[in-house]
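Presented below is the structure to which this report refers.
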Amino acid sequence: MITVYVVGGLIALLLATGLTPLVKKFAIKVGAVDVPNARKVHTRIMPRMGGLGIYAAFVLTLLALMPFIPDTLFGSARDGNLVKALLAGGSIIVLVGALDDRFELSAKVKLVGQIIAACVVVFGFDLTVNFVNVPFGDKYWSIESWIAIPLTIFWIVGVTNAINLIDGLDGLAAGVSGISIATIMVMAVFMGNPAVILLCAILLGSIVGFLFFNFHPAKIFMGDTGSLFLGFSLAVLSMLGFKQIAIVSFITPLLIIGVPLSDTFFAIIRRWLQKKPIFAPDKGHLHHCLRELGFSHRKTVLIIYGIAAFFGMLAIIQSFAASHDANWVTFVVICILLISLQLGAEVIGIVSKTKRPMLNMLHRLRVKAHADSRTK
């Protein structure tokens, strides 16, 4: 069985490596290029639509392996629906992203396309968030369909857009998505879910193959074609955290996408405090703030990779602890998460450059401790 995962990942990596240069030529030919402006970091015209390489490598690898996959791997109806939902909904998302990369669709049109893709997952293949576990609780609560359906659609659309929002530096969105996919794959190994392991291995191979051309200095951007597809795939695959109710709690899928989710959350808070429209674009995202602190393009991306890996590690720890009813670990994970988010946000200045309550409190405590030590 392990051979199927390794072969699938390697085939996808090789395909993505071979297809991406062809996608680059195609993007230039059809005029799908990214022109620099005040909000963007790059200074020259770049081909986008590179996500087609990721999507094509993923789909072709999956289809090529199907005749050789044991029947037991996709044994349940839900596993089969998961594959079909990724292919059908993902194809819609890629079409929307490709059209946007070429014609720059309005936000409303893109949102409609995302909702349609989410509805395909929910109504076409009956994949919804049916259960939740409140942290520190021992019971899993069933969700009525009238709540489960809109919640699932909101989750898919939200995660899809969260990945799109962090796509601001070479290799950033692809790398963060790859780390999140790897996290899901590790969790799937613990859960004994071979279908999800295979899907993650193929998708991860596709991402790594594309990163050869997308890491700084990038030769092609993934565009909305890639960021929307990766966000959609993450949303659907991370739903296993809701479905495997005997293994993980509600917090786990939130940790899996911790970087894009927290960046989106802080963007909303920042714009609200500045009395700006919530969806108004700005240069206050995590990668912008790190660049302002003096980090190079490459170091900024690597720092964010490290943050994503930290979130992934917390998700794996939380998943393992939940399977052993160790609720105290959930409490520790949440405390570490909240403190880290607050301190990180204040140090980086992602919400405000002046309002830093926790840092100010720590400074006052340090001054008081120093004064007390001198009086003794």
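Taking the stated definitions as given, is Pro277 out of contact with any Phe, Trp or Tyr (no Cβ under 8 Å at 6 or more places or on another chain), under 24 Å from Phe190 (Cβ atoms) and modelled with pLDDT under 85? In short, no. Of all the residues that make up the range 43-74, how many are without any contact (Cβ under 8 Å) to a residue 24 or more places away in the chain and either under 23 Å from the mean Cα position of the chain (by Cα) or part of a loop (DSSP other than H, G, I, E, B) (or both)? Going through the range 43-74 one residue at a time, the tally reaches 4. Residues in the range 291-308 that are without any contact (Cβ under 8 Å) to a residue 60 or more places away in the chain and either crowded, with 22+ Cβ neighbours inside 10 Å or charged (D, E, K, R) (or both): Glu292, Lys299. Given the condition charged (D, E, K, R) and assigned to a helix (DSSP H, G or I), answer yes or no: does some residue in the range 83-99 qualify? Yes.
Filter the range 20-34 for residues that are touching a residue at least 60 places away in the same chain (Cβ under 8 Å) and open to solvent by 40 Å² or more (accessible area, probe 1.4 Å); which is farthest from Leu60 (Cα to Cα)? Across the range 20-34, the extreme among qualifying residues is Val30. Taken over the range 62-96, the residue count meeting the criterion of being within 24 Å of Gln114 (Cα to Cα), open to solvent by 50 Å² or more (accessible area, probe 1.4 Å) and acidic (Asp, Glu) is 0.
For every residue, the table says whether it meets (1) in contact (Cβ under 8 Å) with a residue 60 or more places away in the chain; (2) open to solvent by less than 50 Å² (accessible area, probe 1.4 Å); (3) hydroxyl-bearing (Ser, Thr, Tyr); (4) not in a helix (DSSP H, G or I).
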{"residue": "Cys289", "(1), (2), (3), (4)": "yes, yes, no, no"}
{"residue": "Leu314", "(1), (2), (3), (4)": "no, yes, no, no"}
{"residue": "Ile317", "(1), (2), (3), (4)": "no, no, no, no"}
{"residue": "Ile334", "(1), (2), (3), (4)": "yes, yes, no, no"}
{"residue": "Val347", "(1), (2), (3), (4)": "no, no, no, no"}
{"residue": "Thr354", "(1), (2), (3), (4)": "no, no, yes, yes"}
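Filtering the range 164-183 to residues that are in contact with a Ser or Thr (Cβ under 7 Å, 6 or more places away or on another chain) and either of a type in the set (S, T, N, Q) or at pLDDT below 90 (or both) leaves Asn164, Leu165, Asp167, Leu169. Under the condition of being surrounded by 16 or more Cβ atoms within 10 Å (Cβ to Cβ) and either free of Cβ contacts under 8 Å to residues at least 24 places away in the same chain or touching a strand residue (DSSP E or B) at 6+ places or on another chain (Cβ under 6 Å) (or both), which residue from the range 97-109 is farthest from Gly53 (Cα to Cα)? My answer is Leu105. Selection of the range 88-118 for residues being at pLDDT below 95 and either within 30 Å of Thr3 (Cα to Cα) or hydroxyl-bearing (Ser, Thr, Tyr) (or both) yields only Ser106.
Pairing each residue of the range 188-208 that is on the phi < 0 side of the Ramachandran plot with any residue that is crowded, with 24+ Cβ neighbours inside 10 Å and hydroxyl-bearing (Ser, Thr, Tyr), provided the two are 6+ apart or on different chains, yields C-beta distances under 7 Å for Phe190/Ser319; Ile202/Thr61; Leu203/Ser233; Ile207/Ser177. Tell me, please, whether a residue that is modelled with pLDDT of 90 or more, closer than 29 Å to Val122 by Cα and among the β-branched types (Val, Ile, Thr) can be found in the range 22-33. Checking the range 22-33: not a single residue is modelled with pLDDT of 90 or more, closer than 29 Å to Val122 by Cα and among the β-branched types (Val, Ile, Thr).
The values are calculated or read from the model by the stated rules, or taken from the named source; none is laboratory data. In this text, all values refer to a predicted model and were calculated from it rather than measured experimentally. Neighbour counts run over all protein chains shown; Cβ positions are idealised from the backbone, glycine included. Surface areas here come from the heavy atoms of the whole protein model, side chains and all, with no ligands, DNA or RNA. Shrake-Rupley method; radii C 1.70, N 1.55, O 1.52, S 1.80 Å.
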